[in-house]
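So the structure is just underneath, and the comments pick up after that.
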Amino acid sequence: MAYTADNIAKYVVDRCVREGKAISNLQLQKTLYYIQLNFIRLFDKVAFFDDFEAWDYGPVVPSVYEEYRQFGGAPICMMFDGIFTIFSNREEQQLVNDVTDVCVDMDPWDLVDSSHIKDGPWDIAYSKNKNAIIELKDMFEYAKRN
């Protein structure tokens, strides 16, 4: 079952706040990107069907960005009742937890750099057109070879 980027984002934000490691919108966007790549790599499916766009600072799900843009570069301090029930199985939830734990502890600019890998999905889309959609086929190809 695929989720929505919005629900995964709410889960990540809520979990980070509860653990005392609030996440910024920039970190959240890269976390969603790595969740998507790891779902493809480990489960051979997407976590969500929302499109990523190739923005200057890396992959962005525009609707999620808009939801949290009022926080600017500050930590997002929101909690969502019942969000922990979204997952259909424990393995998918654990993958989201594992990716989130790595990303929230990274410097945001290191996350940006890591998403800008040459010939990676962001690089392919960004080279064609600023703010272009990052194609799922490029994400699948990249995830399967890395």
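Annotations
- Only one of ASP50, ASP6 that is under 26 Å from ASN129 (Cβ atoms), in contact with a helix residue (DSSP H, G or I) (Cβ under 7 Å, 6 or more places away or on another chain), open to solvent by 10 Å² or more (accessible area, probe 1.4 Å) and not in a helix (DSSP H, G or I): ASP50
- Residue check for SER114: open to solvent by 30 Å² or more (accessible area, probe 1.4 Å), of a type in the set (Gly, Ala, Ser) and outside any loop (DSSP other than H, G, I, E, B): yes
- Contacts under 7 angstrom Cβ, first residue in region 10-33 being touching a residue at least 12 places away in the same chain (Cβ under 8 Å) and surrounded by 24 or more Cβ atoms within 10 Å (Cβ to Cβ), partner outside any helix (DSSP H, G or I) and aromatic (Phe, Trp, Tyr), 6 or more apart: TYR33/PHE52
- Filter result for the condition that a residue is part of a helix (DSSP H, G or I), surrounded by 17 or more Cβ atoms within 10 Å (Cβ to Cβ) and either at pLDDT 95 or above or on the phi > 0 side of the Ramachandran plot (or both), over LEU37, LEU42: LEU37
- Condition met for PRO75 (assigned to a strand (DSSP E or B) and either open to solvent by less than 40 Å² (accessible area, probe 1.4 Å) or not small (Gly, Ala, Ser) (or both)): no
- ASP81, sole failed condition from (1) open to solvent by 80 Å² or more (accessible area, probe 1.4 Å); (2) among the charged types (D, E, K, R); (3) over 16 Å from LEU28 (Cα atoms); (4) in a helix (DSSP H, G or I): (4)
- Test: residue in region 58-67 that is surrounded by 13 or more Cβ atoms within 10 Å (Cβ to Cβ), free of Cβ contacts under 8 Å to residues at least 40 places away in the same chain and outside any loop (DSSP other than H, G, I, E, B): yes
The values are calculated or read from the model by the stated rules, or taken from the named source; none is laboratory data. Since we're looking at a predicted model, the values are computed, not measured. Every residue, glycine among them, receives a Cβ derived from its backbone with ideal geometry; neighbour counts consider all protein chains shown. For the accessible areas, the whole protein counts, side chains as well, though only heavy atoms, and no ligand, DNA or RNA atoms are used. Shrake-Rupley method; radii C 1.70, N 1.55, O 1.52, S 1.80 Å.
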